[in-house]
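See below for the structure under consideration.
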Amino acid sequence: MFPDRAIPRPTAPRAAPRSLRYVLVPCLIAATWLAPTARLAVAATPPQAGRDSQNAVEAAELADLARRRFKEGQFAVAAKLYQRCYELAGTPVMLFNVARAHEESGQRDAALQAFAAYLDVSTDAAGREEARAHIELLQRGTQAPAQPVARDRKAQDGVVVTSPSSTRTASGILLIGGAVVAVVGGAIYATGLASDATLQSDLGRRDAAGHVIGVRRADALARIDSIATRETAGAIAGVVGVMGLATGLALYLQTRPGAHAWLVTPAPDGIALAARF
């Protein structure tokens, strides 16, 4: 039993704890990733950074389309698409792909020119060696053995290509894991809310003098700390779960056919997530 002033008992609904408010704000931001927006910036970026992100998204779309055209044997179309990718993103490997497309289509001079341009800008030792081998074959009038795709090199050229199966696996893991974490976080947060309601009910029992009955001050303070911890932990888990769901959904959409692309890029003021449909 202790005086009314020992433990605050506001008559209006309690404001969220400061730490909880810091957690809920990014939770709302993460939830908006699931909306079919054309472009989402997590942090404000200057116009140049926005243009760079847009160019990178368009280049990723065109590279995907160019790979399909290459596999279909439409080498002239693939060469034009890869050239546009290089103009947008400036990745040297796109020049290698331009050369390979010209090579497959029988455009010897155009292939030699593209391979030479690739050697001028690429720092990838393995890629440069491969380009020289192609140049030697072209100069001898011998075409390189047919390849199922142009070139998907990671390394220094800055192009990261993942297989559809591995991307689908990663998206499935993120979707399931994100859902589980979000549900667990929601459950933890709900228990905190329930405990908070119980505590407020207990603190409402008072004697004629206005003193709380049946709850010691130390116990009440400990319960308040426990409630705040559970609410904060639940909110953080919810944020992580929603972000996992959003990332898994983005990867899943990336494996589906059609003109779309997702790209996460660093920005001066944070991280930018760009999407095109």
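The values are calculated or read from the model by the stated rules, or taken from the named source; none is laboratory data. If you're wondering where the values come from, they're calculated on a predicted model, not measured in any experiment. Quick reminder, even Gly has a Cβ in these numbers, built from the backbone with ideal geometry, and neighbours come from all protein chains shown.
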Have a look at D219, D225, D202 and point out the one that is in a helix (DSSP H, G or I), farther than 30 Å from L253 by Cα and modelled with pLDDT of 90 or more. D225
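Does E103 count as surrounded by fewer than 24 Cβ atoms within 10 Å (Cβ to Cβ), modelled with pLDDT of 90 or more and either touching a Leu at 6+ places or on another chain (Cβ under 9 Å) or part of a helix (DSSP H, G or I) (or both)? Outline the logic, then answer.
Values: surrounded by fewer than 24 Cβ atoms within 10 Å (Cβ to Cβ): no; modelled with pLDDT of 90 or more: yes; either touching a Leu at 6+ places or on another chain (Cβ under 9 Å) or part of a helix (DSSP H, G or I) (or both): yes.
So E103 does not fit the description; no.
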Does at least one position in segment 54-70 carry a residue that is surrounded by fewer than 18 Cβ atoms within 10 Å (Cβ to Cβ), within 21 Å of the chain's Cα centre (by Cα) and at pLDDT below 90? yes
Residue by residue through segment 194-224, note down the ones that are touching a Gly at 6+ places or on another chain (Cβ under 9 Å) and in contact (Cβ under 8 Å) with a residue 12 or more places away in the chain. D202, V212
In this structure, does R168 turn out to be at pLDDT 80 or above and assigned to a helix (DSSP H, G or I)? no
